[in-house]
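First up is the structure itself, then whatever we jot down about it.
What follows is calculated from the coordinates using simple rules that are stated; it is not laboratory data. All figures in this text were calculated on a predicted structure; none of them were measured in a lab. Neighbour counts run over all protein chains shown; Cβ positions are idealised from the backbone, glycine included.
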Amino acid sequence: MTSLTDPGADSPAERVTEALRRRGGTASASEIGADLGLHPSTARFHLDRLVNQGRVRVSRERRATRGRPRTMFTLEPDPIEGPRSYQMLAEVLVASLARQSDGPERAARAGAEWGRHFADQDVVALLAEVGFAPSPDPDRDDRIALGHCPFIDLATDHPEVVCPLHRGVVEGAVGHPVTLEAHPGATCFIDLDPTLSSGGSRTPGGR
């Protein structure tokens, strides 16, 4: 049986959280990146996710000298310590979507809304940070192979909603329709060229 407790104790988000704690709870993306050996934009990606989760707040640095104030990130107090059951939450939400006639469309819209938060990021870097192990097609700059699915358990059980959600994330990030050629458990492909994309997800069996 799959554990319902979130296994991500050593996830990038938790490492960033611990780096913030070591700096007294407040730091810039550049400082966190330097501490963890990450590019500042990668550190900012993880910090922004923590902000969206309500675990970190953003403020502008107060400077006594001239210069552009830095964006600072501060840990919010965690009122409850204990395990997080994100796997169970994801299973409940995905199963609910799968039972709805417009579940795939809802999933794609939700993914696009989330993806728009990262519209200024390189899409390959974004997919890498999420855990898709992307690699550009050497023959086509607009085609990306996804070597790993970080949500494979859910995608295997409910590809009809999980795959459109993945596609929606990419569409939100790049700002136009894309096509996802989904093969849960194997390599998937994303076509980024809007002139070729159908704005849909193709999965085995026509789902």
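Quick notes on this one:
- Among the trypsin sites (Lys or Arg not before Pro) within the range 76-170, those in coil by DSSP and having at most 12 neighbouring Cβ atoms inside 10 Å are Arg99.
- Cβ-placed point charges (K, R +1; D, E -1), dipole of the range 26-160 about Cα centre in debye, nearest 20: 900 debye
- Relative frequency of Cα-Cα separations exceeding 14 Å in the range 23-75, percent: 52 percent
- Model label zone, Leu89; criterion: amide N under 16 Å from point 7 Å along Cα-to-beta-carbon; scope the range 40-60: 49-56
- Cα-projected label distance for Ser30 with Glu14, points at 7 Å along beta-carbon direction, nm: 3.1 nm
- A Förster distance of 25 Å, applied to the separation of the beta-carbon atoms of Asp139 and His176, puts the FRET efficiency at 0.70.
- Rounded FRET efficiency, nearest 0.05, which uses the C-beta distance separating Asn52 from Arg22 and R0 of 25 Å: 0.65
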